[in-house]
1. Once you compute Rg and the Kirkwood Rh from C-alpha atoms, what is the Rg to Rh ratio for chain A?
2. Please find the FRET efficiency linking B:Gln239 to A:Gln398, where r is the Cβ-Cβ separation and R0 is fixed at 60 Å, and quote it to the nearest 0.05.
3. Magnitude of the Cβ-charge dipole of the stretch B:2-237, K/R +1 and D/E -1, about the Cα centre, nearest 20 debye?
4. In peptide B:190-202, how many Cβ atoms from other protein chains are near each Cβ within 10 Å, on average?
5. Residue by residue, what Karplus-based ³J(HN,Hα) values in Hz, rounded to whole numbers, does the stretch B:97-109 have, using 6.51, -1.76 and 1.60 with θ = phi - 60° and x for Gly and Pro?
6. If the cut-off is 19 Å between C-alpha atoms, which aspartates and glutamates fall inside it for B:Lys238, apart from same-chain ones fewer than 8 positions away?
7. Check B:Thr200: other-chain or 5+ apart residues with amide H under 5 Å from its amide H, H built from backbone geometry?
8. Could you size up the charge dipole of the protein assembly as shown around its Cα centre, putting +1 on the beta carbon of Lys and Arg and -1 on that of Asp and Glu, and report it in debye to the nearest 20?
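Derivation of every value follows stated rules applied to the coordinates shown; laboratory data play no part. Predicted model, so just to flag it, every value in this text is computed and none were measured. Note: ideal-geometry Cβ built from the backbone for every residue, glycine included; neighbour counts use all protein chains shown.
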There are 2 protein chains.
Amino acid sequence: MVFRQFFLEGLGCISYLIGCSQTGVCAVVDPQRDVDGYLQVAQSYGLRITHIFDTHLHADHVSGNRELAARTGATIYLPAQARAAFKHQPVHDGDEVTIGTVTLLAIHTPGHTPEHMCLAVIDHTRGPEPWFLLTGDFLFVGDVGRPDLLGEAEMRQLADQMHTSLFDRLSALDDGLEVFPGHGAGSLCGRHMNAKLSTTLGFERRFNPALQPRSRQEFIAWLTQDLPPQPANVPYIKQLNRQGPPILGELYRPKPLTAQAVRDLLRGQGPTPAILDVRSPAEFAAGYMPGALNVPVSNGQFATRAGWFIPPERPIVLIVGREAEADRATRALARVGYDRVIGYLVNGIAAWRALGLPTASLALWTPERLRSEALTRQGEPLPGVTVVDVRDRSEWQQGHIPGAVHIPLAELAQRADELNPFRPTAVICANGTRSSTAASLLTACGFKHVANVMGGMEGWEAAGYPVVIDADDQRDMSSIGRHPSSSW
Amino acid sequence: MVFRQFFLEGLGCISYLIGCSQTGVCAVVDPQRDVDGYLQVAQSYGLRITHIFDTHLHADHVSGNRELAARTGATIYLPAQARAAFKHQPVHDGDEVTIGTVTLLAIHTPGHTPEHMCLAVIDHTRGPEPWFLLTGDFLFVGDVGRPDLLGEAEMRQLADQMHTSLFDRLSALDDGLEVFPGHGAGSLCGRHMNAKLSTTLGFERRFNPALQPRSRQEFIAWLTQDLPPQPANVPYIKQLNRQGPPILGELYRPKPLTAQAVRDLLRGQGPTPAILDVRSPAEFAAGYMPGALNVPVSNGQFATRAGWFIPPERPIVLIVGREAEADRATRALARVGYDRVIGYLVNGIAAWRALGLPTASLALWTPERLRSEALTRQGEPLPGVTVVDVRDRSEWQQGHIPGAVHIPLAELAQRADELNPFRPTAVICANGTRSSTAASLLTACGFKHVANVMGGMEGWEAAGYPVVIDADDQRDMSSIGRHPSSSW
């Protein structure tokens, strides 16, 4: 049996190629939207891709199912309950699909979504029983799928179904079954995923927090608490995956745009494009187009964070430092459903300036500077500057600057009106990346004096500056986990 | 926990990086000799490599332990029984080594070698008990380590120890333990490895042929039969790994050599270098240096096959088609202990010819040509040509050309005297790669009329030409497995 795991850093998506070298055919399960990797691996093993599976309708990334089908002629298999609106073979609980010497057996496991199925894989050259389980977004390494991505209304029912799936549906399966999940650390689809990308049913039964004995009600309460933020484009991506993701074809390279062309787009009659500046925080601060949003493409969470702020159907113009960043950003955006990247500004900010168009710069503060502006020598908050901490709740709870205001980055667009736009505002996160996004957002909202604190709380703490933990959080500390993804 | 598996195609070696992101440290287990991959991955996770383990003294490839230690300052851990002659920390059965939140627990499992140990890995962030087992060359996916690489004398005792290791030493361990082996398909260290690179103890207990109930005597008989050929350099590599592999440093690029320089090397007082032509069979046949051995570097088994014919300490001059092939070949040869690659001939055969030095060409036959030369219209062998089939025994047993002589490639250097060097000789394998090596060997031995059959038995069978199965093999067919590695 040929078996290959594909891990997509950042989104944390995991997909699989499973093939039979004796008959020269293979399946891809949960393909990402850019499918060249599967084609290359299949070719290197001399395999033809004949089957494409999705374990469920994804909410965090656009499936590559139709893209891959268009390139290979393979058949798409989806859970029947997904009611997908494009050509596919519906799969029901208990269905078996055989590919050469390999059989995939569908097990309906609702919980993350109502239609979710796992695939138990049998290699007939090894034995007649399942060797491993592809668990999609149902069972992760050290975690299970979150039940809230379909909305508050469905959350409790899905959590209830998750209990049944975990404790009743899996009960007949052997401890010695390997488990290969659909996500690893970095993904927004769970809460505490491990960075290791496989496990066994036996080990998870013993050590996965979700599989510990709890009453159904306790389980539902536990599963629906402490959920990380979700990007605004989740319903859009879900809808795209149900309707059928548009096929991009081999080349979806961003177009080079002159400064005149970008200016005309911004002034024109059509929908105003978002200006997405994907350079590093330092490059951005040195000079940017007013109104631009800074989300560095070098960060693994690039696509997820763009999803917090840019409506999915809005056209996008990229500002890049190097041409390769335009390709990388376009590919990453396509994976989460942004298909309207118009292009990138050739020669970037320099071209913009050369045309006599306005640019701005952002103040960069060191932790030292922030210390002197924001706190007295005794460590008491000074009134002259607002410190906005945009880290996630779990990070904030570990300790923050005295007098700082906590607004997680994901909530900043909605909650910016809690802040005074005329007051000097210093934005801080763990290391200066998320705070650059936040600073760009605030200046675009009309804030007059914004500074990004480079080095962030890591630099602040390394310098030994004052940190406080709120009384409530001291009490909660022992029971609340960290979200490793959020601090990346 | 950070966990990454590295698979080296061809040699089929698997190594691992296991780290703790909380404390920023990691270990590498069974490193291959070119260590850049580990350094890159460690850096990408922000980890420092502090520990290096070998599960045993490898016989098929040179360990990267000292190379990696030289680059990182990490400590080398080896089984105490290995009695390695260089600086290391000896590990005994039951020893625990803790790296941040990860503990590696040594379990002595002799069988492939006397000193072999497995490492059970505990991730303390998940639970206090082992999550998975690094099984080195002890337990493979669908196979166990072969017991004969230390020689005939030790084979039965090792097979006996393998029985104890498999059935007694592992008995306390849980079915739900994941198993990550030191080799996958392509490796010479086992007989029937699967192409999938992980499994579980529970699944192997149920479906691994080696773990099925047998008396100790039956087990020993079973484990010591039907073993694939081993390269002549196995004892040399073993010795290198015991003495301490030489450190190559970052750059071990082959030197460009002029035709004059190569001629002087061949005529000089020093040891005569082997001429290793790594081009494709077609390129080789069109023109080669007399005496050259053709082992195409594009083939995954390149390094293993070179090991069948070239003494490990002999200097080597490479003939390449493109410069990149020289780098690739040098790296692949270093992995199996050939540290004396002098360089490669710049401009290849053309430069050799330009100097007025002799070249030769090799006849390429199609299956059609072979059909007409070797068999009557009725399919009876003709006396005019010797057909030498150099495939492995298991391939030969599936069917061969009537009247062909079977000498597996690995045995050809020893058994060439069974053939008449003055008689026209056509060499065939599965597809024309191994037969090109064989043809180059025979011409170097003085055979006058040698042809390589392009397309090999695959082309022969596709054309519907006669194939016979020997009576003995028809009887044996059901009980004998194929060696997937050998037909690559």
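1. Details: Rg = 24.0 Å, Rh = 24.0 Å.
My calculation of the ratio gives 1.00.
2. Numbers: r = 54 Å, r/R0 = 0.89.
The pair B:Gln239/A:Gln398 has a calculated efficiency of 0.65.
3. Working: 17 positive and 26 negative charges, 57 e Å.
Magnitude of the dipole: close to 280 debye.
4. Values: counts 0, 0, 1, 0, 7, 7, 11, 3, 7, 6, 14, 4, 8.
Average per residue, whole number: 5.
5. 10, 10, 10, x, 8, 10, 10, 9, 10, 7, 10, 6, 9
6. Those aspartates and glutamates meeting the cut-off are B:Asp30, B:Asp34, B:Asp54, B:Asp60, B:Glu67, B:Glu115, B:Asp137, B:Asp148, B:Glu152, B:Glu154, B:Glu313, B:Asp339.
7. B:Val179
8. For this selection, approximately 2480 debye.
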